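Undergrad: Here you go, one structure.
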Amino acid sequence: MIERNELLTKIRDAFSVNRIVCLLGPRQCGKTTIARELWAENGKKISDEGYFDLESPVDLESLENPELTLKPLEGLIIIDEIQKLPRPFFPVVKLPSRIASVATVFVKDSSKEVIA
């Protein structure tokens, strides 16, 4: 088993190369826990702007127009349960890569859909 600290280090290292990191794995393996630890490590609370839990109807609705929602954000963005988006992920995935001041973590189960 990989320790959480080692996973957090790997995620931080991944951000030195990419602005987008995707946490994939089976249900209940700790993806959301890791994402929340990373969020807290950045001095943020779950209620702070930039953390989206797409099991929440409010957060899901806020990403209906990702340009309006994500573009003003800076720093870390976490989108948990991204597979809950009702349409293709492309606009939500592509936009953070064009914003220089953003690092994004997508959390997704290991279902058949793949973020490419």
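Undergrad: If Pro26 meets every condition in (1) surrounded by 13 or more Cβ atoms within 10 Å (Cβ to Cβ); (2) touching a strand residue (DSSP E or B) at 6+ places or on another chain (Cβ under 8 Å) apart from one, which number is that one?
TA: With (1) surrounded by 13 or more Cβ atoms within 10 Å (Cβ to Cβ); (2) touching a strand residue (DSSP E or B) at 6+ places or on another chain (Cβ under 8 Å) applied to Pro26, the lone miss is (1).
Undergrad: Quick check on my filter: what residues within region 81-108 are among the charged types (D, E, K, R) and either modelled with pLDDT under 70 or in a loop (DSSP other than H, G, I, E, B) (or both)?
TA: Of everything in region 81-108, those that are among the charged types (D, E, K, R) and either modelled with pLDDT under 70 or in a loop (DSSP other than H, G, I, E, B) (or both) turn out to be Glu81, Arg87, Lys94, Arg98.
Undergrad: Could you check region 57-80 and list, in sequence order, the residues that are in contact with a helix residue (DSSP H, G or I) (Cβ under 8 Å, 6 or more places away or on another chain) and touching a residue at least 24 places away in the same chain (Cβ under 8 Å)?
TA: Leu60, Leu63, Pro66, Glu67, Leu70, Lys71, Leu76, Ile77, Ile78, Ile79, Asp80
The values are calculated or read from the model by the stated rules, or taken from the named source; none is laboratory data. These figures come from a predicted structure and were not determined experimentally. FYI the Cβ positions are ideal-geometry reconstructions off the backbone, even for glycines, and counts take in every protein chain you see.
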